[in-house]
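Trainee: Structure in structure tokens, see below.
The values are calculated or read from the model by the stated rules, or taken from the named source; none is laboratory data. The structure displayed is predicted, hence computed values, not measured ones. Glycine gets a Cβ as well: all are built from the backbone with ideal geometry, and neighbour counts include every protein chain shown. We work out accessible area using only protein heavy atoms, side chains counted, and drop any ligands, DNA or RNA first. Shrake-Rupley method; radii C 1.70, N 1.55, O 1.52, S 1.80 Å.
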Amino acid sequence: MQSIGTQSSQFLGQRHPLALVLYFGELFTGLLLFNHILITGLFFLGLCGSCCWYFGSRTVWRLVRSVLSLMGLILLLNILLSHSGASWWQFTLGTWHWSVSRVGVLYGATMALSLGGMIMAFVLFNGCVTASQLRALLNPVAPRLAMLLTLAIRFVNLFSQQFRRLLRLQRTRGMVVTAGPWRQRLTKTGSLLRVLLLGSISRAMETAILMEARGYGGRQRSQYRHYHWRLADTLFTLVASGLFLVILGLRLRGWGVTPNVHSLPSILATDWWVAGVVSLVVGLPFIGEGIYRLCQN
Amino acid sequence: MSELMSLKQLTFTYPATSRPALNDVDLSIASGDFVVIVGATGSGKTTLLRQLKPELIPAGKLTGTAQYQGRSIQTLSTTESAQAIGVVVQDPVVQPVMATVIEELAFSLENVGVSATSMPGRIAEIANFLGLDQLLHTPLQRLSGGQLQLVNLASALVLHPAMLLLDEPTAQLDPTTAQNFLNVLQQVHHELGLTIVMSEHRLDRVLPLASRLLIMQDGALLAAGSVATGLQLMTQHTELASFVPAIPNFFVQQHLTGHRLPLTVATAQQMLGQRGISFKLRSSAMPVKTAGSPLLTLTGVSFRYDQQAPTLRTIDVTFATGTWVAILGKNGAGKSTLLRVLAGLRKPQHGKVRLDKQLVWKLNNSALIRQVGLLSQHPIDQFTGLTVREELTAQARLGNEPANATTVTDWLAKLQLTAVADQNVFDLSGGQQQLVGLGLALITRPRLLLLDEPTKGLDPVTKQLVGRLLENYRAAGVTIVMASHDVEFSAQFATHGTFMFDGQLTPVQLSREFFTTNFMATTAVNRLLRQWVPQALFSTDVERKGGVDDQD
């Protein structure tokens, strides 16, 4: 996924990496804390909206399509495996009896939305916090690890590009991994991975030599990019942390949580309170963008 | 000028070989020199270049000394070496490690510990000088090969080196981009006084910039002197004559060798004008190559990558049996994409590609391999990591004729790969990998050959070998579709030519018609003689009408 554009991210794109990491940490924790369909649905839709704002709806729609298929699979597995509670629909064929339970559908939907929310949150995180920001964050603590992390992120990207290219071009050598019996496909995929590894190692060796030729590995490493902590970072972090503490408090009181699978469908007034605070947490970047625009000269 | 680098009795032997790759080389490079190293594949050019920077020295046995400003280069620390000697290699994608242009430039400075306050100024200066200021935050994967090579140059220059080493830096660039890169290099040399040492096969654009020419042969330094002296020497050596660029070579062929040979079209025209020499077309200079029945037909083919502008726009074209069509065009014009569509590796969103009457993407893979041979732009992507012999044997088994050891041995000989037959393909030089890739495409005896930059990294002698080999196949009825930046090679061997531009192909024309009507994308001899003999493409096409011969 691309980094967020400067036009749409005048506020979030300028935040200190630490402020962003803290915010996303709270977001991920929030996703793990609640198992109510209303809350997970809100997280998923809110994060889809944020992604649309920052990356463009066409890009996000392509991503959501693949996420939806994964979510659909989780829903289907739950429907197939969960038979407790009241049945919505039953089917009998000879001795085989199968029912779609209400709990199975709702629990499956909750799990699917939770997973979808996680993926969308990660996509947003990936777009907001670039490798160089992560490096800037880690550099004072562990400079070598910071550099290795940056290189690893870059090389994972190159590795996947190379794999896609090999997938096509190795067909000219008779290596097709999408046709034939499964055993054959597995064998060919193994061979392809071997080629990928050999080629990548060969190129990586050359790259490593050229990195050293540009002074990598010297003792006196410095850092170009320094991010300054600004007032807006303090305000953003304070508001986000405050909201997170409220969420934590509500969770400790048992609000927005389904205690057992049979009470899944019910939505209590307390759940709406949680939903309100979660909306603020997810919508915090939008609020920030709005205030930032209001404050312009 | 003061001596910057010196090599004394330098001999280098790679492990597991007995013959030295460099043999007793003595060399002195002065500050401000622009040195070009020339020689056949395997002559030791790259090995010599790699001896000039400690991190690049390959594993092997080294005797003799290499000194930078009077100090053994082995004693330079990583930081000292990075700041003193910059390097740019052939493949633009191997060097970058960061995500964006600005990060890549900062990487070099961070490595040597330049302070954060000094970095922006140094980056700004070099980015403005090389015209990269508008690309600073562009992800490197979105840059063209030429832009990427400029970034590589910038990331070396940002360290303010005294010397730059370049290993065939324009080998993967189209002629215009290559010329732009060399213009920048010339500017760097003139305005910053940097010492430049560069190995190169394509000498036509490089020699006018050079102040010294080093000629390598079989690991030995045959000559190191002025460009004029070096050129004279090359014309006298049978093995090196083909390295002489087209313009000086034209003067040699026409026996116009005076006290100096011209290097550019403008100088050559001036010299011919001064001597009052003109030319006429030889009567035998216009061979006509006829085309057979249609083999490959494209109708309304359109292709686009995700979220991007169309790469191919409604292409309609037919390639006939026994033709060799050269597709010219800039880097990123869509030539490689077109070849992959023709090879059935990419399915266009619209339109049809038919081999005879079958849709290529509906052919099963085995049938496709037997009918279509592909040499991709990076042959390494088609290798499976075996030895040269094993790679060819495995591919031969997929072909139209039963494979045996003799067939493979013959192919190794044809491609001059016998000496490296038992080496792993990943350990070969770029030129040798190109030949293995060509062998893989040909050994299945396909009807259609798709070649993406087949002459990339090949020296002029090997290029001729490849040209003649392919010409034999074409004459036997194989259809060749070739994407190439190599105008001279295309004009010499292709039967037809076309441009890829704006996602479309210009009408396919007979080669001579195509190249003689082009203004820039034509041979050096055509550019030189178009006012007298516009139909001429090579020196063999013309004979002199009059004038005074220097040798008379």
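Trainee: Considering only protein heavy atoms, with the full assembly of protein chains and a 1.4 angstrom probe, order A:Trp255, A:Trp182, B:Trp411 by accessible area, largest first.
Mentor: Order by accessible area, largest first: A:Trp182, A:Trp255, B:Trp411.
Trainee: Here is a further query. Residue farthest toward the positive end of the dipole of the stretch A:141-219, with Cβ of Lys/Arg at +1 and Asp/Glu at -1: which of A:Val195, A:Ile153, A:Gly180?
Mentor: The one lying farthest along the dipole's positive direction is A:Gly180.
Trainee: Lysines near B:Lys280 by alpha-carbon distance under 26 Å, same-chain residues fewer than 8 away left out - which ones?
Mentor: B:Lys289, B:Lys545
Trainee: Along the charge dipole of chain B, Cβ charges K/R +1 and D/E -1, which of B:Gln423, B:Leu135, B:Trp411 sits furthest on the positive end?
Mentor: Of the options given, the answer is B:Trp411.
Trainee: Assuming 1.002 mPa s and 20 °C, estimate D for the stretch B:20-111 with Stokes-Einstein, Rh taken as the Kirkwood radius over Cα pairs, in µm²/s.
Mentor: Estimated diffusion coefficient is 140 µm²/s.
Trainee: Order B:Ser226, B:Ser484 by their accessible area, 1.4 angstrom probe, all chains in place, largest first.
Mentor: The ordering from most to least exposed comes out as B:Ser226, B:Ser484.
Trainee: In nm, what is the difference between 0.36 nm times the number of residues separating B:Leu363 and B:Asp306 and their Cα-Cα distance?
Mentor: Extra length from B:Leu363 to B:Asp306 when fully extended: 18.0 nm.
Trainee: Between B:Asn424 and B:Gln236, what FRET efficiency comes out of the Förster formula 1/(1 + (r/R0)^6) with R0 = 41 Å and r the beta carbon distance, rounded to 0.05?
Mentor: FRET efficiency, B:Gln236 to B:Asn424: 0.60.
Trainee: Only Cα pairs within less than 10 Å get springs; with that Gaussian network setup on chain A, which residue of A:Met120, A:Met205, A:Met111 has the largest fluctuation?
Mentor: Comparing A:Met120, A:Met205, A:Met111 in the GNM, the peak value goes to A:Met205.
Trainee: Counting only other chains, what is the mean number of Cβ atoms within 10 angstrom of the Cβ of each residue in peptide B:371-381?
Mentor: Neighbouring Cβ atoms belonging to other protein chains average 3 per residue here.
Trainee: How compact and how long is the stretch A:223-297, expressed as Rg and Dmax of its alpha-carbon atoms in Å?
Mentor: 17.3, 56
Trainee: Same structure, new question: Say we join alpha carbon atoms closer than 10 Å with springs in a Gaussian network model of chain A; which of A:Gly72, A:Gly117, A:Gly174 then has the biggest fluctuation?
Mentor: Maximum among the listed residues: A:Gly174.
Trainee: Could I ask something else about it? With r defined as the distance between the Cβ atoms of A:Leu68 and A:Arg230 and R0 fixed at 41 Å, what FRET efficiency is calculated, to the nearest 0.05?
Mentor: 0.60
Trainee: Taking Cα pairs under 8 Å and at least six residues apart, what relative contact order does chain B come out at, in percent?
Mentor: 15
Trainee: If you build the convex hull over the alpha carbons only and average its shadow over all orientations, what do you get for the stretch B:221-266? Give it in nm² to one decimal.
Mentor: Average of the hull's projected areas for the stretch B:221-266 equals 3.3 nm².
Trainee: In chain B, if every C-alpha pair distance is counted and binned at 10 Å from zero, what percent goes to each bin?
Mentor: Percent of pairs per bin, in order: 3, 16, 25, 27, 19, 8, 1.
Trainee: Using a 10 Å cut-off on Cβ to Cβ distances, tally the other chain neighbours for every residue of B:335-343 and report the average as a whole number.
Mentor: The shielding value for this peptide is 1.
Trainee: How many times 2.2 N^0.38 Å is the alpha carbon radius of gyration of the stretch B:58-149?
Mentor: 1.30
Trainee: Considering the options B:Gly70, B:Ala156, B:Gln492, tell which one lies farthest towards the positive end of the dipole of chain B, charges being +1 on Lys and Arg and -1 on Asp and Glu at the Cβ, about the Cα centre.
Mentor: The one lying farthest along the dipole's positive direction is B:Gln492.
Trainee: Along the three principal axes, how long is chain A when you take its alpha carbons, biggest first, rounded to the nearest angstrom?
Mentor: 69, 63, 33
Trainee: Right, next: What percent do you get for the relative contact order of the stretch A:141-219 when only Cα pairs under 8 Å and 6+ apart count?
Mentor: Averaging sequence separation for qualifying contacts and normalising by length gives 21 percent for the stretch A:141-219.
Trainee: In what sequence, largest accessible area first, do B:His237, A:His228 appear using a 1.4 Å probe?
Mentor: The most accessible residue leads, giving A:His228, B:His237.
Trainee: I'd like the Kirkwood hydrodynamic radius of the stretch B:294-502, using the inverse of the mean 1/r over distinct C-alpha pairs, in Å.
Mentor: Mean inverse Cα-Cα distance, inverted, gives 17.3 Å.
Trainee: Return the tail of the calculated pair distribution for the stretch A:26-152, meaning the percent of Cα-Cα pairs more than 26 Å apart.
Mentor: 42
Trainee: Moving to a separate point now. With charges set only on the Cβ (+1 for Lys and Arg, -1 for Asp and Glu), what does the dipole of the protein assembly as shown come to about its Cα centre, in debye to the nearest 20?
Mentor: Value, rounded to 20: 2260 debye.
Trainee: Same structure again: Could you give the size of the charge dipole of chain B about its Cα centre, using +1 on the Cβ of each K and R and -1 on the Cβ of each D and E, expressed in debye and rounded to the nearest 20?
Mentor: About 1680 debye.
Trainee: Sticking with this one: Quantify how strongly other chains surround peptide A:151-163 by giving the mean number of their Cβ atoms within 10 Å of each of its Cβ atoms.
Mentor: Neighbouring Cβ atoms belonging to other protein chains average 2 per residue here.
Trainee: Using the Cα atoms as the points, what is the convex hull volume per residue of the protein assembly as shown in Å³?
Mentor: 207
Trainee: Here's another thing I want to ask about it. On a 27 Å Cα-Cα criterion, which of the cross-link pairs B:Lys357/B:Lys414; B:Lys362/B:Lys463; B:Lys352/B:Lys414; A:Lys188/B:Lys362; B:Lys45/B:Lys463 come out too long?
Mentor: B:Lys357/B:Lys414; B:Lys362/B:Lys463; B:Lys352/B:Lys414, as the Cα separations exceed 27 Å there.
Trainee: Taking 0.36 nm per residue of sequence separation and subtracting the Cα-Cα distance, how much length would be gained by fully extending the chain between B:Lys352 and B:Leu386, in nm to one decimal?
Mentor: 8.6 nm
Trainee: Follow-up question, since we're still on this one. Write down the Å³ per residue value for the convex hull defined by the alpha carbon atoms of the stretch B:299-360.
Mentor: Dividing the Cα hull volume of the stretch B:299-360 by its residue count gives 85 Å³.
Trainee: I've got another one for you. Is any helix in chain B, taking whole DSSP H runs, at least 24 angstrom long along its axis by alpha carbon and on average at least -0.5 on the Kyte-Doolittle scale, and which ones?
Mentor: B:175-192
Trainee: Expressed as a rounded percentage, what relative contact order does the stretch B:3-239 have, with Cα pairs under 8 Å and six or more residues apart?
Mentor: Once normalised by length, the contact order is 29 percent.
Trainee: Does a label point 7 Å from the Cα of B:Thr299, set along Cα-to-beta-carbon, have any residues of the stretch B:492-531 with amide nitrogen under 13 Å, and which are they?
Mentor: none
Trainee: Still on this structure: To the nearest 10 square angstrom, how much accessible area does B:Thr238 have with a 1.4 angstrom probe?
Mentor: About 130 Å², rounded to the nearest 10.
Trainee: Sticking with the crude label model, points 7 Å out along Cα→Cβ, report the distance from A:Leu149 to B:Glu513 in nm, one decimal please.
Mentor: Each label point lies 7 Å from its Cα, and together they span 6.4 nm.
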